[in-house]
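Quick notes on the structure that follows.
The values are calculated or read from the model by the stated rules, or taken from the named source; none is laboratory data. Since we're looking at a predicted model, the values are computed, not measured. With ideal geometry, Cβ positions are generated from the backbone for all residues, glycine too; neighbour counts draw on all protein chains shown.
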Amino acid sequence: MSDATVHLRTDQLSAMYGKFSAIKNVTLEFPVNKVHALIGPSGCGKSTFLRTLNRLHEMTPGAWITGTVELDGQDVYAPAVSPIKLRRRVGMVFQKPTPFPTMSIFDNVAAGLRIHRKLPRTELAEIVERSLQRAALWDEVKDRLKTSATALSGGQQQRLCLARTIAPEPEVILLDEPTASLDPQGTQRIEELMHELKTDFTIVIVTHNMQQAARVSDTTSFFYLGDMVEHGPTKAMFTRPKEPQTEAYITGRFG
Amino acid sequence: MPTTPPPDDVATSDASLALSAWGDRIFKGLLVASALAAPALLVALLWQLLSGAAPAIGAFGFSFITDSIWDPVAEKFGALPLVFGTLLTSFLALLLAVPLSLGVAIYLTEFAPERIRQPIAMVIELLAAIPSVVYGLWGIFVMIPILQSSVYPFLEANFGWLPIFQGPIYGPSVLSASLILTIMVMPFIMSVAREVLLAVPAGQREAATALGATRWEAVTTAIVPYAKSGIVGAIILGLGRALGETMAVTMLIGNRHDIAASLFAPGYSMAAVIANEFAEAGLGTLHASALTYVALILFAVTVLVNAAARLMIWRMNRGAGK
């Protein structure tokens, strides 16, 4: 693939907690406007890998990395790069929905926008509405934007977090097992959304669920014990895995 | 089929079962009794206060709270300066202690290097264990001389246009008592606020951070709002402590039955007057009854403050949970 379409790239990336290496020498490329799935058994390092991409990894005491992460050709770990600004370009949704419980639905979606800059009231309202629509939540909440976000169901809360993440218009969206705590219906809605959202964003999703990876992603990487074992187009990987470990995992022999 | 007598161990276990059932009943009775003892004590205390204060209530009625003359010889009693002193010193103490303790709590949970968090918190919590009379002594011999020689003159020179910083500088004063109270309630507010902040789920912090918030923005947008009701609880705990604090205040407030505009002037508090005068008020005199009336008011104020706090926390939680 040509360089212009590669959005996000890691080179020989290792992530450590103290002396423990959670991931080792991972080199991966994420082209623009595609969905990339990271799969592997628990503890394989896929979540840690995701957290290095927006530099959330380093917030953990004792955490550090070697190697590089590049966004649009720029090393995001360079001293001149502010992690605050980076995270405004690389948004993230977590496994458990994390709405701010003291804020209304409206204020939750506006939270990121308000941190970044002062917007006129009408413009803010427009962006909040648009973000909720893109997260397929608008119709369910448009009559109660002022009520607390905690009244929403788990699936609604997760879509609210998605709306909050896309409101400031990041370029990349990281999803850390976004459906792990949702029921099948909530899961399905999030998966449908990913197909729509990839026209605007580059999406990286960590998932435990191989069917989910097969359904939503264009490319898949298989992680095992901190190593990136195999990477390729999702279809090829699930039909003709190259590595025996990958085959064992996707056929359900372990994990 | 030969009938076998029941084996011995079954028989003994029956007996021990009955015994343990009795034990259960006794244990339960003890627990119920101790659970009931606390409210019973409260009721008894309230009744004692009411009956002890009855003569003074009969003599002065509600004007007890609005009158300022306190003359045991003439048997004229008015508690306004006492109520005022208690409320003012507590208010000033909270005014200073709340930002200080919340600042320390936020620093210790969010910003301080991992290694110093626990030691600093422990040292501050140790402050709460120092007996109040030791604070009083320290206040008289160390704090007041420093305040008198530098802090109070500075306040008078620069803020003397405010009536609260005018007039002669006494050592023991409303301001001195408020400052010692500040130091005394700070560890309470700090340690509860710290626990509350530590209980905020990591996901909240990460969610704000992932949105591009700085550490400070994460604190103000996610962490403090999440902990809000608990922080209010911490402040109320400090207020309750300040309202009832007796020894150190008695030693530092100056014990003058008067309301002055200046914070440099001595004042009095409800707890302090009771501690000072109970020994000299003869049993069954109107003086003793008036002191009991003061105790009743102090009791009522602290109960009201606590009730108001609980109501606030309850409403906040309901608001957040809806």
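If A:Phe100 satisfies every condition in (1) among the hydrophobic types (A, V, I, L, M, F, W, C); (2) under 17 Å from the mean Cα position of the chain (by Cα); (3) assigned to a loop (DSSP other than H, G, I, E, B) but one, which is the exception?
Here A:Phe100 meets the rest and fails (2).
Only one of B:Val303, B:Val249 is surrounded by 17 or more Cβ atoms within 10 Å (Cβ to Cβ), assigned by TED's automatic domain parsing to the domain that holds B:Pro153 and in a helix (DSSP H, G or I); which?
On inspection, the qualifying residue turns out to be B:Val249.
Hey, could you check the range A:53-76 for residues that are of a type in the set (Asp, Glu) and away from chain B (no Cβ under 14 Å) and say which is nearest to A:Leu38 (Cα to Cα)?
A:Glu70
If you take the residues of the range A:159-172 that are farther than 22 Å from A:Gln185 by Cα and within 12 Å of another protein chain (Cβ to nearest Cβ), which of them is surrounded by the fewest Cβ atoms within 10 Å (Cβ to Cβ)?
Checked the range A:159-172; the qualifying residue surrounded by the fewest Cβ atoms within 10 Å (Cβ to Cβ) is A:Glu169.
Using beta carbons and a limit of 7 Å, which pairs, at least six apart or on different chains, have the first residue in the range B:24-42 and more than 22 Å from B:Thr302 (Cβ to Cβ) and the second one surrounded by 10 or more Cβ atoms within 10 Å (Cβ to Cβ)?
none
What residue, of B:Ala128, B:Ala97, is surrounded by fewer than 19 Cβ atoms within 10 Å (Cβ to Cβ), within 30 Å of B:Val200 (Cβ to Cβ), in contact with a helix residue (DSSP H, G or I) (Cβ under 6 Å, 6 or more places away or on another chain) and assigned by TED's automatic domain parsing to the domain that holds B:Asn276?
B:Ala128
Go through (1) in contact (Cβ under 8 Å) with a residue 60 or more places away in the chain; (2) surrounded by fewer than 24 Cβ atoms within 10 Å (Cβ to Cβ); (3) assigned to a helix (DSSP H, G or I); (4) out of contact with any strand residue (DSSP E or B) (no Cβ under 8 Å at 6 or more places or on another chain) and name the single condition B:Ala261 misses.
B:Ala261 satisfies all of (1) in contact (Cβ under 8 Å) with a residue 60 or more places away in the chain; (2) surrounded by fewer than 24 Cβ atoms within 10 Å (Cβ to Cβ); (3) assigned to a helix (DSSP H, G or I); (4) out of contact with any strand residue (DSSP E or B) (no Cβ under 8 Å at 6 or more places or on another chain) except (3).
Checking A:Gly73 against (1) at pLDDT 90 or above; (2) more than 19 Å from B:Phe111 (Cα to Cα): exactly one of these is not met. Which one?
(1)
A:Val229 versus (1) part of a helix (DSSP H, G or I); (2) surrounded by fewer than 21 Cβ atoms within 10 Å (Cβ to Cβ): which is the lone unmet condition?
Against the list (1) part of a helix (DSSP H, G or I); (2) surrounded by fewer than 21 Cβ atoms within 10 Å (Cβ to Cβ), A:Val229 comes up short only on (1).
Quick check: is even one residue across the range A:79-99 more than 11 Å from chain B (Cβ to nearest Cβ) and more than 30 Å from A:Thr27 (Cβ to Cβ)?
Taking every residue of the range A:79-99 in turn, none turns out to be more than 11 Å from chain B (Cβ to nearest Cβ) and more than 30 Å from A:Thr27 (Cβ to Cβ).
From the list B:Leu96, B:Leu82, which one is under 15 Å from B:Leu296 (Cβ atoms) and touching a Ser or Thr at 6+ places or on another chain (Cβ under 7 Å)?
Result of the check over B:Leu96, B:Leu82: B:Leu82.
Considering B:Gly212, B:Gly244, B:Gly238, which residue is in the same structural domain as B:Leu95 (by TED's automatic domain parsing) and surrounded by fewer than 20 Cβ atoms within 10 Å (Cβ to Cβ)?
Selected residue: B:Gly244, the only one of B:Gly212, B:Gly244, B:Gly238 that is in the same structural domain as B:Leu95 (by TED's automatic domain parsing) and surrounded by fewer than 20 Cβ atoms within 10 Å (Cβ to Cβ).
When the range B:206-243 is examined, which residues are found to be more than 10 Å from chain A (Cβ to nearest Cβ), among the small types (Gly, Ala, Ser) and out of contact with any Leu (no Cβ under 7 Å at 6 or more places or on another chain)?
Matches in the range B:206-243: B:Gly230, B:Gly233, B:Ala234, B:Gly240.
For the range A:8-40: of the residues being of a type in the set (Ser, Thr, Tyr) and in contact (Cβ under 8 Å) with a residue 60 or more places away in the chain, which is nearest to A:Ala63 (Cα to Cα)?
Across the range A:8-40, the extreme among qualifying residues is A:Ser21.
Residue by residue through the range A:100-112, note down the ones that are hydrophobic (A, V, I, L, M, F, W, C), facing another protein chain (nearest Cβ under 9 Å) and over 22 Å from A:Asp176 (Cα atoms).
Result: A:Met103, single match.
Can you name every residue in the range A:117-155 that is without any contact (Cβ under 8 Å) to a residue 24 or more places away in the chain and not charged (D, E, K, R)?
A:Leu119, A:Pro120, A:Thr122, A:Leu124, A:Ala125, A:Gln133, A:Trp138, A:Ala151
Could you list, in sequence order, the residues of the range B:168-209 that are of a type in the set (Ser, Thr, Tyr) and under 13 Å from the mean Cα position of the chain (by Cα)?
Selection gives B:Thr182 alone.
Pick out, from the range B:71-142, the helices (runs of 4 or more DSSP H) lying fully within it that include 1 or more residues that are under 18 Å from the mean Cα position of the chain (by Cα) and within 14 Å of chain A (Cβ to nearest Cβ).
none
Could you please let me know if B:Leu181 is under 30 Å from A:Arg88 (Cβ atoms) and more than 14 Å from chain A (Cβ to nearest Cβ)?
Answer is no for this residue.
So is B:Arg194 within 14 Å of chain A (Cβ to nearest Cβ) and modelled with pLDDT under 95 or not?
In short, no.
Any idea which residue in the range B:270-300 is surrounded by the most Cβ atoms within 10 Å (Cβ to Cβ), counting only those that are touching a Pro at 6+ places or on another chain (Cβ under 9 Å) and not in a helix (DSSP H, G or I)?
Filtering the range B:270-300 for residues that are touching a Pro at 6+ places or on another chain (Cβ under 9 Å) and not in a helix (DSSP H, G or I), the one surrounded by the most Cβ atoms within 10 Å (Cβ to Cβ) comes out as B:Ala281.
Which one of the conditions (1) surrounded by fewer than 18 Cβ atoms within 10 Å (Cβ to Cβ); (2) closer than 30 Å to B:Thr220 by Cα; (3) touching a Ser or Thr at 6+ places or on another chain (Cβ under 9 Å) does B:Ala121 fail to meet, given that it meets all the rest?
Every listed condition holds for B:Ala121 apart from (1).
For residues that are in contact with a Leu (Cβ under 9 Å, 6 or more places away or on another chain), under 23 Å from B:Ala218 (Cα atoms) and away from chain B (no Cβ under 11 Å), tally how many sit in the range A:126-151.
Going through the range A:126-151 one residue at a time, the tally reaches 5.
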